[in-house]
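A.B. asks: For reference, the structure I am asking about is given below.
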């Protein structure tokens, strides 16, 4: 099988909020990464993507932190390949908010489509603190949020039901 065709279109994240998806995985938080451009989906080549990009995608999809990033993990896309290299810092809200540059090489060989597995969303969070490691502990359960008190993560705090 030869190289996949390259898609040469860019679409701003402000034009379409559903601009990334993970397909052929076990659920919303795992699969082959695809980016939407001009109403069609394109696979992203592993060489054009890194850990910071994975952090952005997992966050954009409402998943937890990246757990695995590997080319070909979830098969190859059928069709086009995204033609830009993502240069994320890791703090962007959307993948299409990341800087991009033209790919040095215009092909993505088979077996090199980004496969990404994000951890499942956390069901415990800290709220109202001065940093991401301090605040009130809340446990999210279907249909309710339980307040577990105030503490700092390094103190090892937890709810009695956690």
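A.B. asks: In nm, to one decimal, how far is the modelled label at residue 78 from the one at residue 23, with both set 7 Å along Cα→Cβ?
C.D. replies: 0.9
A.B. asks: Where a ≥ b ≥ c are the square roots of the eigenvalues of the C-alpha gyration tensor, would you call segment 6-118 rounded, which needs a/c under 1.5, or, failing that, prolate if a/b is larger than b/c, or oblate? Write down the numbers at each step before the final one.
C.D. replies: Details: a/c = 1.33, a/b = 1.07, b/c = 1.24.
Judged from the Cα gyration tensor, segment 6-118 comes out rounded (a/c under 1.5).
A.B. asks: Does segment 40-98 come out rounded, prolate or oblate, given a ≥ b ≥ c as the square roots of the eigenvalues of its C-alpha gyration tensor, rounded meaning a/c under 1.5 and, failing that, prolate meaning a/b above b/c?
C.D. replies: prolate
A.B. asks: For residue 51 and residue 70, compute 0.36 nm times the residue count separating them, minus their Cα-Cα distance, and round to one decimal in nm. Let's see the in-between values first.
C.D. replies: Numbers: separation 19, 0.36 × 19 = 6.84 nm, distance 1.04 nm.
Taking 0.36 nm per residue and subtracting the Cα distance, the gain is 5.8 nm.
Each value in this text was obtained by applying a stated rule to the coordinates, not by laboratory testing. All values derive from a computational prediction rather than experimental measurement. Heads up, the Cβs are rebuilt from the backbone with ideal geometry, glycines too, and the neighbour counts pull from every protein chain shown.
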